[in-house]
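In what follows, a structure is listed as structure tokens, so that the remarks can point back to it.
The values are calculated or read from the model by the stated rules, or taken from the named source; none is laboratory data. What you see is a predicted model, and the numbers here were worked out from it, not measured in a lab. Ideal geometry is used to build each Cβ from the backbone, glycine not excepted, and the neighbour counts take in all protein chains shown.
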Amino acid sequence: MFADLKIELPFFKEKNSAMIATGFLKGIPSSPGIVISKALVIQPEIFISSNDKVSSEAIPIEIERLSQAWKDLNLEFKAVMERIPESNPGAVNILETNLLIIKDEYLQKSINTFIYEGYTAESAVIREFEKQKVYLLNSRDKILRERATELDHVKTHILSALKQRCLQYSIAKDRVLIAQSLTTTDFVNYKESGAVAVVTEAGGIASHVSILARSFETPAVIGVKDATGIIKNDELVIIDGFTGLVIYNPNKELIDKYQDKIEKIEKHRIALGKLAKEPAITADGRKIHLMANVDRLDDIDSANLVGAEGIGLVRSESLIINYSTIPGEELQSKWYREIADRIYPNPVTIRAFDIGSDKYVEGMPNIESNPALGFRGIRYLLSRTELFKTQIRAVLKASVNKNIRFMLPMISDTSELVKSLQIIDDCKKELSDEQIDFDAKIPIGIMIETPSAAMMADELAELSDFFSIGTNDLTQYTLAVDRTNELVSDRFDSFNPAVLKLIAMTAAAAARKKIPVGICGELAGHSAATTILVGMGITELSVVPAMVLELKNRIRKMKYSTAKKNTLKLLKLPDSYQILKILEQ
């Protein structure tokens with residue numbers, strides 16, 4: 001996940017740091033990691049006109065120049081791909097995609113047509129690629145629009161080949177690349193020459209350069225406005241690929257702070273060994289998606305550090321707690337988008353506001369004598385449709401990179417889900433009419449937290465894209481035990497056979513419908529529960545980041561086939577004492 005971060009800091013011997021202003025730029029965190037090093041600013045290409053023409057006698061020369069450029073590009077791409085290790089197939093796939101564009105016969109013929117009309121080879125390339133770009137930029141799909149940037153990169157490749165440009169990649173050693181954008185082969189060549197981080201002005205987190213940065217474990221921040229104009233060549237910069245922060249001319253205090261962060265990251269990495277990068281797969285090949293629960297943006301850094309495969313639960317009501325009121329649509333959307341960007345390409349599950357009961361906050365009504373059985377979760381949201389629609393719109397706006405899932409809390413019957421889905425559809429139509437981008441196929445799931453939802457799991461699965469079982473509330477409602485009441489806290493027992501049977505019933509319904517089913521309650525991380533949950537057929541487990549590696553270790557040591565057989569026996573036992581006795585053995 002991190003670049004080689006062993007660096008020396010002789011920078012203050014060179015100039016008086018007190019006379020140099022420290023600056024901060026904010027972009028999108030594209031690939032995690034922290035680097036402190038000097039900048040290599042790659043200045044933009046000089047403008048080339050799309051209207052330059054040649055005489056009819058020069059047309060064969062232009063055709064030949066273009067033909068040679070195609071040949072040179074083929075050789076360049078193949079040479080770069082041969083140098084990529086077999087352990088990094090994703091990088092090869094991206095380069096192959098670019099190469100397919102370059103080898104496209106229709107594209108080559110179209111450019112030749114422009115040359116026969118009298119345009120220079122460079123102008124012909126620009127005219128054809130601009131024509132192709134218009135189609136992509138007019139698409140409603142953000143991913144397709146980002147592919148327009150990829151076309152620009154391929155165009156740059158061809159123009160460079162026509163000019164027979166030869167870059168000195170070796171000057172990138174131990175440097176942070178600062179560029180408007182980078183072509184795929186330039187990225188690989190710079191990285192191979194020792195570049196330690198990347199900052200670009202353009203691109204999205206789904207762009208090929210972003211994917212390459214993550215593939216090569218190179219810290220990257222993208223979308224940094226005017227980075228090549230503000231940052232000077234050889235300036236010291238700090239790149240924080242976790243938060244998207246770029247600091248130029250940092251003072252000693254900031255350098256010390258980030259050096260401390262780097263040292264902590266390295267200690268974590270050494271202590272955890274290779275486990276963070278290993279998949280959560282049982283010894284006999286059953287894949288379990290291991291995710292993290294988060295409340296704050298800082299939790300995402302921890303989730304990335306331990307190798308979580310996504311965010312299984314974002315408690316969106318933490319926003320209300322932070323602001324002591326319900327934030328507006330734009331503020332909400334910005335927060336959800338930052339979470340989605342930081343964890344990309346892994347999924348993030350945002351739970352709709354679960355207001356009420358023990359989640360009461362300042363400024364919200366608290367007039368119920370028994371709030372746990374009253375006006376909370378989806379009941380509250382369906383009664384406050386404007387509030388609900390504001391959150392839905394905010395989540396949809398943040399979903400443009402298609403890695404957000406939206407989850408509805410406290411569903412107790414199908415009518416609540418049907419009403420919620422209708423409101424979501426209404427919000428989608430509103431955004432479409434306003435020509436605002438969103439993921440039209442955003443997965444909508446529900447929390448299974450009540451016995452009624454578990455017993456209706458087959459019917460609910462017909463309407464849901466995924467289930468997430470909230471074991472804390474499911475235990476509370478199954479056993480009629482208020483989990484916040486100290487007088488009955490000793491009776492709150494998630495290993496009670498009744499609770500476990502409802503979980504198994506839910507998992508079985510999800511399996512029949514072939515939708516993911518996860519656990520995001522405290523039971524997911526309980527050391528004795530892993531075997532029985534996996535044995536029931538749970539496909540996702542979401543815990544606090546600090547528990548991810550321990551849970552992964554348990555999963556990798558167990559066999560799914562054995563757990564499945566044992567679970568069938570355990571579910572026949574009459575009480576939790578006997579169940580726990582066997583599980584703890």
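Residue-by-condition table, conditions (1) touching a strand residue (DSSP E or B) at 6+ places or on another chain (Cβ under 6 Å); (2) modelled with pLDDT of 95 or more; (3) not acidic (Asp, Glu):
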| position | (1), (2), (3) |
| --- | --- |
| Gly223 | yes, no, yes |
| Asp234 | yes, no, no |
| Gly244 | yes, no, yes |
| His268 | no, no, yes |
| Gly273 | no, no, yes |
| Ala283 | no, yes, yes |
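Given the condition outside any loop (DSSP other than H, G, I, E, B), β-branched (Val, Ile, Thr) and over 28 Å from Lys564 (Cβ atoms), answer yes or no: does some residue in the stretch 240-252 qualify? Outline the logic, then answer.
Of the residues in the stretch 240-252, the ones outside any loop (DSSP other than H, G, I, E, B) are 240, 245-248, 252.
Remaining after also requiring β-branched (Val, Ile, Thr): 246-247.
Then drop every residue that is not over 28 Å from Lys564 (Cβ atoms), which leaves 246-247.
For the stretch 240-252, residues outside any loop (DSSP other than H, G, I, E, B), β-branched (Val, Ile, Thr) and over 28 Å from Lys564 (Cβ atoms): present.
One residue stands out in the stretch 136-191 among those that are in contact with a His (Cβ under 6 Å, 6 or more places away or on another chain) and modelled with pLDDT of 75 or more: the one that is farthest from Lys225 (Cα to Cα), namely Thr184.
Considering only residues that are modelled with pLDDT of 85 or more and outside any strand (DSSP E or B), which ones fall in the stretch 285-296? Spell out the reasoning first.
As a first pass, look at the stretch 285-296 and keep what is modelled with pLDDT of 85 or more: 285-294.
Those that are modelled with pLDDT of 85 or more and outside any strand (DSSP E or B): Gly285, Arg286, Ile288.
Within the stretch 23-43, residues that are buried (at least 19 other Cβ atoms within 10 Å of the Cβ) and in a loop (DSSP other than H, G, I, E, B) have Cβ atoms under 6 Å from residues that are of a type in the set (Val, Ile, Thr) and modelled with pLDDT of 90 or more in these pairs: Gly27/Val221; Gly27/Ile222; Gly27/Val224, counting only partners at least 6 apart in sequence or on another chain. Where strands (runs of 3 or more DSSP E) fall entirely within the stretch 365-470, none has at least 1 residues that are at positive phi, assigned by TED's automatic domain parsing to the domain that holds Ile326 and surrounded by fewer than 18 Cβ atoms within 10 Å (Cβ to Cβ). The set of residues in the stretch 378-403 being under 25 Å from the mean Cα position of the chain (by Cα) and either among the charged types (D, E, K, R) or closer than 19 Å to Gly204 by Cβ (or both) consists of Lys389, Arg393, Val395, Leu396, Lys397, Ala398, Ser399, Val400, Asn401, Lys402, Asn403.
Going by what's in this entry, would Lys565 be described as assigned to a helix (DSSP H, G or I), surrounded by fewer than 17 Cβ atoms within 10 Å (Cβ to Cβ) and at pLDDT 95 or above?
Numbers: assigned to a helix (DSSP H, G or I): yes; surrounded by fewer than 17 Cβ atoms within 10 Å (Cβ to Cβ): yes; at pLDDT 95 or above: yes.
So Lys565 passes the test.
Checking each residue in the stretch 167-222 for being among the aromatic types (Phe, Trp, Tyr), surrounded by fewer than 24 Cβ atoms within 10 Å (Cβ to Cβ) and in a helix (DSSP H, G or I) picks out only Tyr169.
Residue by residue, here is whether (1) closer than 24 Å to Leu245 by Cα; (2) in a helix (DSSP H, G or I); (3) modelled with pLDDT of 90 or more; (4) out of contact with any Leu (no Cβ under 6 Å at 6 or more places or on another chain) holds:
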{"site": "Asp299", "(1), (2), (3), (4)": "yes, yes, no, yes"}
{"site": "Ser302", "(1), (2), (3), (4)": "yes, yes, no, yes"}
{"site": "Ser318", "(1), (2), (3), (4)": "yes, yes, no, yes"}
{"site": "Ile321", "(1), (2), (3), (4)": "no, yes, no, yes"}
{"site": "Thr325", "(1), (2), (3), (4)": "no, no, no, yes"}
{"site": "Gln332", "(1), (2), (3), (4)": "yes, yes, yes, yes"}
{"site": "Glu338", "(1), (2), (3), (4)": "yes, yes, yes, yes"}
{"site": "Arg342", "(1), (2), (3), (4)": "yes, yes, yes, yes"}
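Checking Lys564 against (1) farther than 22 Å from Lys581 by Cβ; (2) of a type in the set (Lys, Arg); (3) more than 26 Å from the chain's Cα centre (by Cα), only one condition comes out false. Which one? Single failed check for Lys564: (1). Among the residues of the stretch 568-580, at least one is out of contact with any Cys (no Cβ under 7 Å at 6 or more places or on another chain), modelled with pLDDT under 95, assigned to a loop (DSSP other than H, G, I, E, B) and acidic (Asp, Glu).
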